[in-house]
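The values are calculated or read from the model by the stated rules, or taken from the named source; none is laboratory data. These numbers were taken from a predicted model, which means no experiment stands behind them. No Cβ is skipped: glycine too gets one built from the backbone with ideal geometry, and neighbour counts run over all protein chains shown.
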């Protein structure tokens, strides 16, 4: 398969044999004991954080899939022109 994209105004091509697509995720926070220290969780079970990844409890931060939000974002200057071709 061929993936075409533009990065900093340069057209690029990536050849690949497989493409992994994730359609959703469920945070695994139910057995961390966060309720014992009062860390706020969203309705879906994600740890609620601010723009600095700090929780509502001083000294506790969260990163990765338990905080919700995008795990992968396209860097500035890169755009995807075409997802894939066979």
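Worth a mention:
- Within the range 15-42, residues that are within 14 Å of residue 65 (Cα to Cα) sit with their Cβ atoms under 9 Å from residues that are in a loop (DSSP other than H, G, I, E, B) and modelled with pLDDT under 80, at 6+ positions apart or across chains, in these pairs: 22/71; 25/71.
- Any hit, the range 6-16, residues being modelled with pLDDT of 85 or more and in a loop (DSSP other than H, G, I, E, B): yes
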